[in-house]
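Colleague: What follows is a structure written as structure tokens; I'll ask about it next.
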Amino acid sequence: MCGIIGYIGKKDALPVLLEGLKQLEYRGYDSAGVCVARDGKIHIAKRSGKISGLVHAIKDRKDLKGSFIGIGHSRWATHGAPTNVNAHPHMDCSGNFAVVHNGIIENFNEIKNVLIKEGHCLKSETDTEVIAHLIEKYYRGDFERAVLKAVKNLKGSFALGIMCGNQINKLIAVRKESPLIVGIGDSENFIASDIPAILKYTKKVVYIEDNEMAVLTREGVRVFDSSGREKKKKTDTIKWSVASAQKSGFPHFMLKEISEQPKVLKQIFSSRIKNNSVITLDGVKISDRELKDISNVIILACGTAYHAGLVGKYLIEKFCNIPVSVDVSSEFRYRSPVINKHTLAIAISQSGETADTLAAVREAKRKGAKVVSICNVVGSSLTRISDGVLYTYAGPEISVASTKAYTAQLAMLYLVSLYMAGRKKLLKKELKRYLLKELKRVPGLLEAILENKNYMRRLAAKHHNFGSFLYLGRNLDFPTALEGALKLKEISYIPAEGYAAGEMKHGPIALIDEYRAVVCVAPVSGIYNKMVSNIEEICARKGKVIIIATEGDAGIKRFTKEVIYVPKLDELFSPLITVLPLQLLAYYIAIARGCDVDQPRNLAKSVTVE
Ligand code: AGP
């Protein structure tokens, strides 16, 4: 939910911190702050609002310049309103320690009460501030030891960056259940919540595991376990380019990422489908025996990833004849799911850091399930607790609204279901060849839809003042309706609801009138006529209908002029293309309403708190 950055090395720290925070702003933008250490003192600047406001506020602060060590933070508020006082970094009474934190300290109130009784003076409403005072309480000259003792008191999740004013030759980072990477440079080293923050300076990273502490100096990085024993860590190399984490000429990351979908899917299919007959799922090793023994599948995910999981359910049940349940991760843990060693859990997450999904996966593993994750961020927490990982390799997705990650997850689910069906001898060779050829047409079809994006812009201009939207779909396009509604609501703030079209008559039809827009996903399919009946019911009640239809379906225009055509494609693959017009519609409506598309209010890209 927040972004942390830290630097120690040969450069002036401040510009590195501010640039890193700009790259991390998608993780939270309620407030921002930095601090550097020089002349044995910590100098700090923090304020509510976006990074740009902080940059402007400190432009004349000479005391922040010329230091070689610093930490920074962009906040998504959990404890305490986004005020200046609650902004990070937080300090102890003496002003000798500064802490930035991503996560939640669940027992901070009891710690705070003890600290106050011991005479500490805490200024903020945050959970984070107690960490600085705990380090002060345990500090007897050994910085590392004081940090290890302090974090032993903490319950919850934390990725910490910590500085000590009178030990400015080292920067400390600690991780437990919140993302944290260490960047390895030449006489300089970095800590960050995510790769884009340091990509400009280095591609060499060390992934810090839970309950590990990293001690960074200009010369190098040492990693210790919670008892202070040093650990050997390997250095990985990031494959992303710097450009992939920039807008590259697009007005918003969201439009860039929408536009990258053809390339992303082409890369997925070309790397995983050979001669239209063989699917390779490196990262998942499963024997015929294990495959045969799978009695049920559970899919765990949140938000957009959950909608992908709903499509996955249709596909795995259809092709593999295995029962599938799909759970919102935050709900999964509180029901009594039927799980055993024959259960395959598929966790879907773009970031691999969603706290609810991590918790659900740990619960599924505890009950004996095998876990395969579909994930976009290499080395993320989810990938490290899974038995197998299928990376989507969609490149960094910066915009809070997930788009290319969604279609990449769908593509992976198509491959997984066809792969499993093939291995279980449930798929005739000819049919498999046909399906894979049809699947490989999708990137080109997405390109064709993107060429028509100005029509979406015009449609958005006519509909951006509607007070609410209803999205309807059936079968494989019911999840598409849910996803279209989520896209609209999260970036335009217009109430929008996705519904199974067949459910209209069980209540929602009461909502229909001329003030409500209804988006109907109605491509040619076996249940097309059912969708047409729903459209007729809506038009009979003066609902304003926008229809996603298949090219060549001229008859559908009898209901409305607002028809968005998608190219002909086997109905099995409809979700891969019908979602694109809905992504564009949401994007252009949000623009028409003057919303902050990439950083919508109250949201953050990666929900790393439960
Ligand atoms: C989607 O547009 C939202 N940003 C949100 O629902 C997101 O899909 C959800 O938080 C899950 O994130 P994850 O895929 O990183 O786990």
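Colleague: Measure nothing but the geometry: give the 0 to 90° angle between the long axis through the Cα atoms of 404-423 and the longest principal axis through the Cα atoms of the chain, rounded to 10°.
Modeller: 70
Colleague: Beyond a 29 Å Cα-Cα separation, which of these cross-linked pairs lie in this structure: Lys152/Lys487; Lys365/Lys505; Lys176/Lys367; Lys285/Lys489; Lys155/Lys605?
Modeller: Lys152/Lys487; Lys365/Lys505; Lys285/Lys489
Colleague: Lys and Arg at +1, Asp and Glu at -1: add these up for the other residues within a Cβ distance under 11 Å of Lys123 and post the number.
Modeller: Value of the local net charge: -3.
Colleague: Which order do Met163, Met420 fall in if you start with the one that has the fewest other Cβ atoms within 10 Å?
Modeller: Met420, Met163
Colleague: Rounded to the nearest 5, what % of DSSP beta bridges with both residues in the chain are antiparallel?
Modeller: Among the beta bridges of the chain, antiparallel pairing accounts for roughly 60 percent.
Colleague: Which order do the peptides 533-541, 243-251, 582-590 come out in when sorted by mean C-beta neighbours inside 10 angstrom, highest first?
Modeller: 582-590, 533-541, 243-251
Colleague: May I pose another question? Sequence-distant or interchain residues sharing an amide H contact under 5 Å with Val326, placed H: which?
Modeller: Counting only residues 5 or more places away or on other chains, the set is Ile299.
Colleague: In terms of modelled amide H atoms, which long-range or inter-chain residues lie less than 5 Å from the amide H of Val609?
Modeller: Ala355
Colleague: Arranged from highest to lowest average of other beta-carbon atoms within 10 Å per residue, in what order do the peptides 550-562, 129-141 appear?
Modeller: Result, highest mean Cβ count within 10 Å first: 129-141, 550-562.
Colleague: What ranking, highest mean first, results for peptides 107-115, 191-199 when packing means the other Cβ atoms within 10 Å averaged over each residue?
Modeller: Per-residue Cβ counts within 10 Å, averaged per peptide and sorted highest first, yield 191-199, 107-115.
Colleague: Kindly put Lys234, Lys263, Lys274 in sequence by how many other C-beta atoms sit within 10 Å of each C-beta, fewest to most.
Modeller: Lys234, Lys274, Lys263
Colleague: In whole Hz, what ³J(HN,Hα) sequence does region 157-174 give by Karplus (6.51, -1.76, 1.60; θ = phi - 60°), x for Gly and Pro?
Modeller: 10, 7, 10, 10, x, 9, 10, 10, x, 9, 9, 7, 8, 8, 10, 10, 10, 9
Colleague: Using the Cα gyration tensor of region 1-121, with a ≥ b ≥ c the square roots of its eigenvalues, what is the shape: rounded (a/c below 1.5), prolate (a/b larger than b/c) or oblate (neither)?
Modeller: In terms of gyration-tensor shape, oblate.
Read-outs throughout are calculated quantities, based only on the coordinates presented, and are distinct from any laboratory measurement. What you see is a predicted model; the values in this text were computed from it and never measured. Glycine gets a Cβ as well: all are built from the backbone with ideal geometry, and neighbour counts include every protein chain shown.
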